[in-house]
Structures are given as structure tokens and as C-alpha cells.
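Worksheet: the structure to be examined is printed underneath.
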Amino acid sequence: MPAPRARSEPRDERASPGPRLSDRQRLSWLRLIRTQNVGPASFRDLINRFGSAEVALEILPELMISGGASRIARIPSIAEAEAELEAARKAGARFVGIGEPDYPPLLRSMDNPPPLLAVKGNAAVFRLPGVAIVGARNASLAGIKMARMLATDLGGDGYGIVSGLARGIDTAAHQGSLATGTIGVLAGGLDLPYPPETAGLCAEIAERGAIISEMPFGWQPRAQDFPRRNRLVAGAALGLVVVEAAQRSGSLISARLAGEMGRLVFAVPGSPLDPRAAGTNGLLKDGATLVTEASDISRAIAPLTGMRAPDMPPFEDAPDFAATPPPGEGDRAKVIEALGPTPVSVDEIIRHTGLHPAQVFMILLELDLAGRLERHAGGNVSLVFGNG
């Protein structure tokens with residue numbers, strides 16, 4: 001029985017022209033990405049393998065069983081997905097798919113970008129070359145002044161400023177670039193700004209720039225959600241600037257993620273006597289570019305601003321897997337034996353097992369859906385033990 005047609009999302013009059021998901025596709029994409037153990041990588045693999053989210057949803061239970069899941073993950077119902085779409089509409093937001101023109105182009109170039117983003121605001125800000133500015137929540141007055149100055153000057157030079165809407169440095173960066181274009185990335189749902197006192201700032205950003213999240217509406221952010229938020233902050237920019245950060249700061253996670261993505265990493269030096277500068281000074285020792293003014297950043301990023309955005313992937317065109325037989329139990333055993341707690345590349349697994357790449361990818365997808373696979377930077381994978 002075909003799925004009922006979802007009500008159309010409000011079209012932002014400022015949205016870019018180009019190919020878009022149908023209402024039915026958007027509904028199926030939302031159900032698939034909200035299913036437990038389906039992350040950006042497994043979502044992409046499912047679409048590539050089965051051609052559409054609708055078909056993938058039907059085959060998911062079988063794949064989970066093949067991967068050794070102890071129980072079948074619950075798939076959100078059509079009614080639940082429609083309710084989230086309605087919550088977005090009421091909030092003045094929309095869901096943007098990775099192949100659509102309003103999807104942030106720099107996010108498309110990172111490893112495993114979110115297939116769907118909740119977006120509120122003006123998508124034109126995504127087309128500005130982005131610079132992320134992050135730092136301490138308990139920032140000094142000097143740090144706050146520096147972050148606001150950098151954001152204002154970079155905005156005046158035509159850059160969009162990206163940050164995570166936290167207290168301190170993040171808030172100062174957003175405030176300094178409100179007039180020129182800023183992107184706020186939330187760790188929870190778009191309807192639950194965190195910390196709550198940033199609700200007014202979120203509203204201001206949505207009027208002139210945009211706020212985005214990959215999390216469901218109504219989602220209260222947990223500790224493990226902030227590294228995911230940091231990953232999007234780093235991915236949405238050509239370079240990331242750390243203004244103040246202690247040794248064990250989340251901003252250093254953002255800097256590491258930015259470096260892994262090939263983004264430029266900048267740091268503002270601070271007093272060796274201030275623990276809030278220990279992380280930034282450490283970044284400088286490790287090779288980050290020293291920043292004392294906005295021109296230090298713009299000079300380094302300028303050669304990258306002419307980069308062509310990657311081609312948009314097709315929405316739901318499946319490759320032909322018919323010539324490759326499905327993996328058998330012996331094949332699965334070979335792949336599981338090759339895996340361990342240490343991350344390895346998929347190419348290594350293919351060479352070691354001698355299996356066809358399509359068979360290896362299928363087995364890894366089954367393990368992922370069963371919650372037995374962990375994905376790492378650079379496309380590496382490892383086995384999760386004790387979760388079978």
C-alpha cells in the first residue's frame with residue numbers, strides 16, 4: 001500500500017531554484033534517518049543499494065537480522081514523521097535534503113554529511129565562504145571582544161560566520177556577524193535552543209542568517225550530541241578559529257575535526273597564566289595559524305574561496321548490484337574475523353577477504369544497522385564488541 005502523501009512544506013521565498021525531494025521522498029528520508037542505528041553513512045549506503053528510502057525501510061528488519069541484531073530497531077511510523085514535519089512547519093523551519101540547492105555546499109564535502117538538515121532562515125547565507133569561530137563558554141572580556149571583532153571584520157569582508165550558539169565566544173561571534181550573515185548550529189532540536197537564554201539570539205539569526213540542526217524536533221541535547229554539533233560547525237566552514245579554550249575544551253574537538261576534514265585551523269594566542277588560553281596556545285604549538293586580526297584569516301582562506309562545490313548527488317538512483325551475488329554466512333564470518341577494535345580501512349578488508357567490494361559493503365551495512373559497527377574518520381571501521 002503506498003504511503004500517504006505528506007503535506008507540502010512551506011517554501012522559503014528566498015530558497016534557491018533547483019531539483020528538490022518530493023513530499024513522499026522527504027517523508028521516507030525522515031523516517032529512515034530517524035531509525036535507530038541508521039546514521040549518515042548507513043543512510044547513504046541504503047539509498048545506493050536499494051534505490052530509495054521507501055524500499056530501504058521495507059528491507060531494514062531483514063538486514064538487521066543478517067547483521068546479528070538481538071532485536072529489531074523500531075522504525076518511526078508515517079504518522080510520527082508527519083508530526084515532525086508539522087512541528088517544523090509550525091516553527092517556520094523546513095527539512096533540506098543533501099541533494100537540494102539549499103543544502104550548505106561545504107557540508108556536502110565532509111565525510112558522511114547529514115542527509116537531512118532542519119533549517120530555519122535564509123539559505124543564501126550558506127553560499128558565503130564560511131569561517132567558524134568557537135571558544136570558551138566562560139570567556140574573558142578580552143576574548144569576547146576579540147571574537148566579536150573578528151566576526152564583524154570577517155563579515156564585512158564577505159564571509160559567513162559559523163558557530164555553535166554556546167555562551168561566551170560563540171555568542172559573541174554570532175552577535176558580531178548578525179548584520180552580515182551567520183549560521184548557528186544547534187546540538188538539539190531547532191525548537192529547543194540550548195542554553196535557553198540563546199532563544200532570542202536564535203530568533204535574530206533566523207531573521208538574517210540561518211540556524212540548523214540534524215537532531216529531531218523536541219530533542220533535548222545530551223552530552224554526546226555536542227561533538228556531533230561541533231562536527232557540523234567545522235564542516236560548514238573553510239577554516240575554524242579558536243579564540244579561547246582550556247586544555248580539555250570542546251573547542252579543541254572542533255579544531256581536531258576541522259583538521260581531519262582538511263579545513264584550516266587558526267588560534268588566537270593568550271597569556272600562559274590564563275588556563276582559558278592553554279588549549280589555543282597548544283594548537284599554535286601544533287601548527288595552527290596564529291591570529292591577531294581578521295586579515296590573518298582572510299589572507300589564508302582567500303585562495304580557497306573559489307573552490308567549486310561538489311556536484312549534487314542524485315536523490316534515489318540505485319547502482320546495478322544484480323551481477324554480484326548476495327553475501328553468504330561464510331562471507332560474513334570472513335569480514336567479522338577481519339574486524340577488531342582497531343579501525344581499519346574498507347579497502348584493507350576487501351583485500352584481506354578477497355570478497356567483491358559490493359559484498360563487503362553489504363556486510364558492513366548489515367553490521368552497522370545491527371549496532372555492531374563503529375565508523376571512524378577517513379572511512380575506517382571497527383567492530384563493537386559485546387553488542388550482538
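The values are calculated or read from the model by the stated rules, or taken from the named source; none is laboratory data. What you see is a predicted model, and the numbers here were worked out from it, not measured in a lab. Every residue, glycine as well, gets a Cβ built from its backbone with ideal geometry; the counts of neighbours run over all protein chains shown. What goes into the accessible areas is simple: the full protein's heavy atoms, side chains included, and nothing from ligands, DNA or RNA. Shrake-Rupley method; radii C 1.70, N 1.55, O 1.52, S 1.80 Å.
For residue 241, state whether it is open to solvent by less than 10 Å² (accessible area, probe 1.4 Å) and either in a strand (DSSP E or B) or acidic (Asp, Glu) (or both).
Working: open to solvent by less than 10 Å² (accessible area, probe 1.4 Å): yes; either in a strand (DSSP E or B) or acidic (Asp, Glu) (or both): yes.
Against the criterion (open to solvent by less than 10 Å² (accessible area, probe 1.4 Å) and either in a strand (DSSP E or B) or acidic (Asp, Glu) (or both)), residue 241 qualifies.
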State whether the residues of segment 159-172 include one that is within 26 Å of residue 247 (Cβ to Cβ) and surrounded by fewer than 19 Cβ atoms within 10 Å (Cβ to Cβ).
yes
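Within the bounds of segment 178-190, is there any residue that is touching a Pro at 6+ places or on another chain (Cβ under 7 Å), over 30 Å from residue 29 (Cβ atoms) and open to solvent by 10 Å² or more (accessible area, probe 1.4 Å)? Talk me through it step by step, then tell me what you get.
As a first pass, look at segment 178-190 and keep what is touching a Pro at 6+ places or on another chain (Cβ under 7 Å): 186-189.
If we keep only those that are over 30 Å from residue 29 (Cβ atoms) too, we end up with none.
No, the conditions are met nowhere in segment 178-190.
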Under the condition of being touching a helix residue (DSSP H, G or I) at 6+ places or on another chain (Cβ under 7 Å) and farther than 26 Å from residue 72 by Cβ, which residue from segment 356-377 is surrounded by the fewest Cβ atoms within 10 Å (Cβ to Cβ)?
357
If you go through segment 191-215, how many residues are open to solvent by less than 30 Å² (accessible area, probe 1.4 Å) and either among the basic types (Lys, Arg) or farther than 16 Å from residue 171 by Cα (or both)?
3
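Where residues in segment 83-125 are among the charged types (D, E, K, R) and in a helix (DSSP H, G or I), which of them is nearest to the chain's Cα centre (by Cα)? If you could, list the steps in order and put the result at the bottom.
First, the residues of segment 83-125 that are among the charged types (D, E, K, R): 84, 86, 89-90, 94, 100, 102, 108, 111, 120.
If we keep only those that are in a helix (DSSP H, G or I) too, we end up with 84, 86, 89-90, 108.
Details: 84: 19, 86: 23, 89: 22, 90: 24, 108: 9 Å.
Among residues in segment 83-125 that are among the charged types (D, E, K, R) and in a helix (DSSP H, G or I), the one nearest to the chain's Cα centre (by Cα) is 108.
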Is there a residue in segment 116-138 that is closer than 30 Å to residue 275 by Cβ, of a type outside the set (Asp, Glu) and open to solvent by 20 Å² or more (accessible area, probe 1.4 Å)?
yes
Single residue of 342, 280 found to be at pLDDT 90 or above and under 29 Å from the mean Cα position of the chain (by Cα)
280
Looking only at segment 217-225, decide whether some residue is under 28 Å from residue 291 (Cα atoms) and either without any contact (Cβ under 8 Å) to a residue 12 or more places away in the chain or open to solvent by less than 10 Å² (accessible area, probe 1.4 Å) (or both).
no
Could you please give the count of residues in segment 56-82 that are within 19 Å of residue 364 (Cβ to Cβ), assigned to a helix (DSSP H, G or I) and either in contact with a Lys or Arg (Cβ under 6 Å, 6 or more places away or on another chain) or open to solvent by 50 Å² or more (accessible area, probe 1.4 Å) (or both)?
2
